[in-house]
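Novice: Got a structure for you, questions after.
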Amino acid sequence: MADQSFLSWPFFEDRHRALAAELEAWCEKHLPVDHDDVDGACKALVKALGAAGFLRHSAIDPEGDQPLDVRSLAIIRETLARHDGLADFAFAMQGLGTGAISLFGTPEQKAWLSKTRAGDAISAFALSEPRSGSDVANMDMTARRDGDAYVLDGEKTWISNGGIADLYCVFARTGEAPGARGISAFVVPADTPGLTIAERIDVIAPHPLARLKFENCRIPAAALIGKPGDGFKIAMSVLDVFRSTVGAAALGFARRALDETVKRARERELFGAPLGDLQMVQGHIADMALDVDAAALLIYRAAWTKDMGAPRVTREAAMAKLYATDRAQSVIDKAVQIHGGDGVRKGSIVESLYREIRALRIYEGASDVQKVVIARQVMA
Ligand code: COS
C-alpha cells in the first residue's frame with residue numbers, strides 16, 4: 001500500500017484518517033475501471049461513488065450548515081487518482097461543477113446538490129471560451145436580461161463532462177461594468193432549449209470533454225447565482241477551493257509512479273544485482289520521494305488553511321497546484337525512464353500516468369497563470 005504516514009500530520013483529524021481507510025478499501029475492490037467507453041465509464045463511476053457515499057464530500061449538504069471540507073476533497077482526489085485517473089475525474093467534476101452553488105447558491109439551486117451528491121445528476125463548470133482561457137475577464141459569451149429571464153448567447157469550450165452533464169454552471173457577460181466586474185454565473189440544465197453540444201473533444205488521456213453552443217438560450221432569472229456582476233469573483237472563489245485539489249490529484253499520480261518505481265527497483269535485475277542497488281537509481285528515487293512529500297505539505301497546508309476559515313487561500317492554493325502538478329510531471333517522467341521500454345508500453349501503468357498528468361498543468365489555471373497569481377499576492 002502507498003505511504004499513508006502523511007495522515008498523521010497535524011493537518012488531519014480522525015475523520016480524515018477514517019475516510020482515507022474507507023476509500024482505500026473501496027478503491028481496491030472497484031478500481032480501475034475499463035476506459036474504453038469513457039462516457040459510460042464516467043456515468044457508472046458517478047453512480048458508484050454516489051452509492052458508496054463519497055460524493056457527499058463533493059458539495060455541501062443543502063439541509064446542513066457545514067462548509068466544504070477541502071482536506072476531505074484532497075484526500076479523496078489523491079486516493080482515487082492513485083488507483084484510476086478517470087475515477088478522480090468523475091469525483092472532481094461533481095465538486096467543481098457545483099462549487100458555485102455550494103458557496104453562493106439559493107435554497108432552490110441547492111436542491112441540485114441532493115442529486116449530484118447521490119450520483120443521480122452530473123455537473124460541469126463552463127468558464128473557458130475559444131478566445132478566453134487564462135484571461136477569464138475577457139469572455140465573449142453574453143447573458144441579456146429579458147423580463148424575468150436571461151438569454152444566453154455564445155460558446156464555451158474545454159468543458160469537462162460536456163455531453164454527459166445534467167447541469168452546467170455557466171459564466172457570461174451581463175455588462176454591469178467592463179471586464180471582470182461585468183460577468184455573472186448561472187445554473188443551466190443540460191436540456192434547456194438553445195444549448196447544444198457543438199463538438200466532442202478527444203485528448204491524450206480521454207474523458208468527456210466538449211465545446212458547447214448557446215443560441216438564444218432562455219433561462220429564468222432565478223438561475224442567477226449570487227448577484228449580477230459577481231460571476232468573476234464567484235469563479236475565482238470556486239477555483240480557490242478546487243485548485244489545491246488538482247494538486248492532490250497530481251500527488252496521487254506521483255505516489256503511484258513512485259510505488260511502481262520502488263517495485264521495479266526491487267524486482268528488476270541489472271548487472272547481476274537489483275536495479276535499486278545502483279546509486280543513480282537511488283538518486284532518482286530520493287528526488288521523487290522528496291517531490292511527493294513537499295507537494296503533500298503544500299496541498300494540505302492550503303486545504304487546512306481554508307478549512308480553518310481563511311476567507312481567501314489564493315496564494316496557498318496556487319502554490320499547491322503549481323508545485324504539485326509540475327513535480328508530479330517530473331516524478332512520472334523519472335518513473336518512465338526507470339521502467340525503460342515498459343514505461344512507454346501502451347497500457348502500462350506508468351505510460352497512462354504519463355498521459356494523465358499533462359493536462360493538470362493546464363486546466364483550472366495553467367502553471368504560468370499560477371505564477372502570476374502567486375507573484376501578485378506576494379507583491380500586494
Ligand atoms: N477570490 C475572490 N476574488 C478574487 C479572486 C479570488 N481568488 N481573485 C481575484 N478576485 C477579484 C479581485 O480582487 C478583483 O476585485 P476588484 O475588482 O473588486 O478589485 C477582481 O476579482 C478582478 O481580479 P484581477 O484584477 O486579479 O483579474 P484579472 O482579469 O487580472 O485575472 C487571473 C486574474 C489571471 C488570476 C484570472 O483570470 C485567472 O485565474 N485565470 C485562470 C483561469 C482558469 O483557472 N481557468 C480554468 C477554468 S476551469 S478548467
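The values are calculated or read from the model by the stated rules, or taken from the named source; none is laboratory data. Keep in mind the model is a prediction, meaning the values are calculated, not measured. Backbone-built Cβ (ideal geometry, glycine too); neighbour counts: all protein chains shown. For accessibility, only protein heavy atoms count, side chains too; no ligands or nucleic acids. Shrake-Rupley method; radii C 1.70, N 1.55, O 1.52, S 1.80 Å.
Novice: Scan segment 140-148 and give yes if some residue there is under 20 Å from the mean Cα position of the chain (by Cα), buried (at least 18 other Cβ atoms within 10 Å of the Cβ) and within 16 Å of the ligand (Cβ to nearest atom), otherwise no.
Specialist: no
Novice: Could you tell me whether any residue of segment 295-313 is under 18 Å from the mean Cα position of the chain (by Cα) and in a loop (DSSP other than H, G, I, E, B)?
Specialist: Yes; the residues of segment 295-313 include at least one that is under 18 Å from the mean Cα position of the chain (by Cα) and in a loop (DSSP other than H, G, I, E, B).
Novice: Here are L55, L103: which of them is surrounded by fewer than 22 Cβ atoms within 10 Å (Cβ to Cβ), touching a Ser or Thr at 6+ places or on another chain (Cβ under 8 Å), modelled with pLDDT of 95 or more and at negative phi?
Specialist: L103
Novice: Right, next: Give segment 116-131 a look and list any residue that's in contact with a helix residue (DSSP H, G or I) (Cβ under 6 Å, 6 or more places away or on another chain) and surrounded by fewer than 21 Cβ atoms within 10 Å (Cβ to Cβ), or say none.
Specialist: Within segment 116-131, A118 is the sole residue that qualifies.
Novice: Can you say whether V313 is closer than 23 Å to A2 by Cβ and not assigned by the TED database to the domain that holds T79, as far as the supplied structure shows?
Specialist: For V313, the condition - closer than 23 Å to A2 by Cβ and not assigned by the TED database to the domain that holds T79 - is not met.
Novice: Of everything in segment 20-70, what is touching a Phe, Trp or Tyr at 6+ places or on another chain (Cβ under 6 Å) and not in a loop (DSSP other than H, G, I, E, B)? Give them in sequence order.
Specialist: Listed by number, the list holds a single entry, L49.
Novice: Looking at A41, A59 in this structure, which one is under 21 Å from the mean Cα position of the chain (by Cα), under 28 Å from P220 (Cα atoms) and not assigned by the TED database to the domain that holds I332?
Specialist: A59
Novice: For segment 82-90, check the following and say yes or no: at least one residue is closer than 17 Å to P206 by Cβ and not in a helix (DSSP H, G or I).
Specialist: Yes, there is a match, as at least one residue in segment 82-90 is closer than 17 Å to P206 by Cβ and not in a helix (DSSP H, G or I).
Novice: Here's another thing I want to ask about it. Suppose the filter is within 22 Å of I75 (Cβ to Cβ) and either at pLDDT below 95 or open to solvent by 30 Å² or more (accessible area, probe 1.4 Å) (or both); does S237 pass it?
Specialist: Considered against the rule, which asks whether it is within 22 Å of I75 (Cβ to Cβ) and either at pLDDT below 95 or open to solvent by 30 Å² or more (accessible area, probe 1.4 Å) (or both), S237 comes out as yes.
Novice: Have a look at A257, A265 and point out the one that is among the hydrophobic types (A, V, I, L, M, F, W, C) and either buried (at least 22 other Cβ atoms within 10 Å of the Cβ) or assigned to a strand (DSSP E or B) (or both).
Specialist: None of the other options fit; the residue is A257.
Novice: Mind listing just one residue for me: the one in segment 1-19 that is more than 13 Å from D307 (Cβ to Cβ) and not in a helix (DSSP H, G or I) and, of those, least open to solvent (accessible area, probe 1.4 Å)?
Specialist: Among residues in segment 1-19 that are more than 13 Å from D307 (Cβ to Cβ) and not in a helix (DSSP H, G or I), the one least open to solvent (accessible area, probe 1.4 Å) is A2.
Novice: If a residue must be in contact (Cβ under 8 Å) with a residue 24 or more places away in the chain, of a type in the set (S, T, Y), assigned to a strand (DSSP E or B) and closer than 17 Å to R181 by Cα, how many such residues does segment 100-143 contain?
Specialist: Count: 1.
Novice: Residues in segment 360-369: is at least one in a helix (DSSP H, G or I), touching a Gly at 6+ places or on another chain (Cβ under 9 Å) and free of Cβ contacts under 8 Å to residues at least 24 places away in the same chain?
Specialist: Among the residues of segment 360-369, not one is in a helix (DSSP H, G or I), touching a Gly at 6+ places or on another chain (Cβ under 9 Å) and free of Cβ contacts under 8 Å to residues at least 24 places away in the same chain, which makes the answer no.
Novice: Could I ask something else about it? I'd like the full set of residues that are surrounded by fewer than 24 Cβ atoms within 10 Å (Cβ to Cβ) and either touching a Cys at 6+ places or on another chain (Cβ under 8 Å) or under 18 Å from V33 (Cβ atoms) (or both), limited to segment 58-85.
Specialist: Hits for segment 58-85 are H83, D84.
Novice: Considering only residues that are part of a strand (DSSP E or B) and either assigned by the TED database to the domain that holds T314 or within 16 Å of the ligand (Cβ to nearest atom) (or both), which ones fall in segment 197-242?
Specialist: Listed by number, the residues that qualify are L209, A210, R211, L212, I225, D230.
Novice: Just checking, does segment 164-184 include any residue being within 23 Å of M141 (Cβ to Cβ), open to solvent by 10 Å² or more (accessible area, probe 1.4 Å), more than 16 Å from the ligand (Cβ to nearest atom) and modelled with pLDDT of 95 or more?
Specialist: Taking every residue of segment 164-184 in turn, at least one turns out to be within 23 Å of M141 (Cβ to Cβ), open to solvent by 10 Å² or more (accessible area, probe 1.4 Å), more than 16 Å from the ligand (Cβ to nearest atom) and modelled with pLDDT of 95 or more.
Novice: Quickly run through segment 298-328 and pick out the residues that are free of Cβ contacts under 8 Å to residues at least 40 places away in the same chain and either crowded, with 16+ Cβ neighbours inside 10 Å or on the phi > 0 side of the Ramachandran plot (or both).
Specialist: Result: T305, G309.
Novice: Quick check on my filter: what residues within segment 329-359 are without any contact (Cβ under 8 Å) to a residue 24 or more places away in the chain and of a type in the set (S, T, Y)?
Specialist: Result: S348, Y354.
Novice: Show the residue pairs that are 6+ apart or on different chains and have beta-carbon atoms under 6 Å apart, the first residue being within segment 203-225 and open to solvent by 50 Å² or more (accessible area, probe 1.4 Å), the second being basic (K, R) and outside any strand (DSSP E or B).
Specialist: I204/R355
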